[in-house]
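What follows is a short report on a single structure.
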Amino acid sequence: MNEVDLLSSLVLAPYIIKATALIGVQRKVGGNQFRHAFATLGILLDYKFFSDPVLLKASVIHDLIEDVPETNQLDLRRIDSQANQVVDLVLEVTKPEEMDKKEYLERILKSGSRSAKLLKVADRISNLTDLNRDFFTDQKIVDYLDQTEQFVLPMAREVNADMVIELTDLVKKRRKLVELLA
């Protein structure tokens, strides 16, 4: 199948319907988690992951279980024939409440699947795109950038060289902005 055929056969609507629960979940940077889900999907499409429907479907609901804890996972698992794989991937990138962020990212880096690493890298690209001084202190931004270099950039190195370039560029630009405005 060519790229057009792959995208034409992708059924996202049931996942989008579930993801609408994220419309009410506000992001610190403005907007809501629903828009962020689509930004993450857009990043994966931009990198031409057309042949991985599980990854694309998971991107639409990657924050759903974490941000809307009352989400019925059994309902999600009944969506389609790939739903179990989609939910398993979402759970793989869902941070357990009791786990700190560094431990969580280290777990994905060391033992996460290729799909989990791709999804986490796309998620971080979206987050870095939205990272700004209007909502975060300079120290919070620097810590986030350090975390990206320590954990997410090595994930990108494992899964996609072009994502490494984008992540590196985003980190560099955000650091420069903090330095210029400090």
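The values are calculated or read from the model by the stated rules, or taken from the named source; none is laboratory data. Everything numeric here is computed off the predicted structure, so don't read it as measured data. In this analysis, Cβ positions are derived from the backbone assuming ideal geometry, glycine residues included, and neighbour counts consider all displayed protein chains.
Acidic (Asp, Glu), surrounded by 18 or more Cβ atoms within 10 Å (Cβ to Cβ) and touching a residue at least 12 places away in the same chain (Cβ under 8 Å), is that true of GLU92? Walk me through it before giving the result.
Working: acidic (Asp, Glu): yes; surrounded by 18 or more Cβ atoms within 10 Å (Cβ to Cβ): yes; touching a residue at least 12 places away in the same chain (Cβ under 8 Å): yes.
The answer is yes for GLU92.
The single condition among (1) hydroxyl-bearing (Ser, Thr, Tyr); (2) under 27 Å from ASP146 (Cβ atoms); (3) touching a Leu at 6+ places or on another chain (Cβ under 6 Å) that THR71 does not meet is (2). For the range 1-48, filtering for residues that are touching a Lys or Arg at 6+ places or on another chain (Cβ under 9 Å), assigned to a loop (DSSP other than H, G, I, E, B) and modelled with pLDDT of 95 or more leaves 1.
Can you tell which of ASP63, ASP100 is surrounded by 12 or more Cβ atoms within 10 Å (Cβ to Cβ) and either more than 30 Å from ASP143 (Cα to Cα) or of a type outside the set (Phe, Trp, Tyr) (or both)?
On the way: ASP100 fails: surrounded by 12 or more Cβ atoms within 10 Å (Cβ to Cβ).
Selected residue: ASP63, the only one of ASP63, ASP100 that is surrounded by 12 or more Cβ atoms within 10 Å (Cβ to Cβ) and either more than 30 Å from ASP143 (Cα to Cα) or of a type outside the set (Phe, Trp, Tyr) (or both).
For every residue, the table says whether it meets (1) within 18 Å of the chain's Cα centre (by Cα); (2) surrounded by 19 or more Cβ atoms within 10 Å (Cβ to Cβ); (3) farther than 18 Å from LEU41 by Cα.
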| residue | (1), (2), (3) |
| --- | --- |
| ASN127 | yes, no, no |
| ASP134 | no, no, yes |
| THR137 | no, no, yes |
| LYS140 | no, no, yes |
| ARG157 | yes, no, yes |
| ASN160 | yes, yes, no |
| ILE165 | yes, no, yes |
| LYS176 | no, no, yes |
| GLU179 | no, no, yes |
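Of all residues in the range 18-60, which are β-branched (Val, Ile, Thr) and surrounded by 22 or more Cβ atoms within 10 Å (Cβ to Cβ)? Residues satisfying the conditions are THR40, ILE43, VAL60. Scan the range 70-84 and tell me whether some residue there is of a type in the set (D, E, K, R) and under 18 Å from the mean Cα position of the chain (by Cα). Checked against the condition, which is being of a type in the set (D, E, K, R) and under 18 Å from the mean Cα position of the chain (by Cα), the range 70-84 yields no hits at all.
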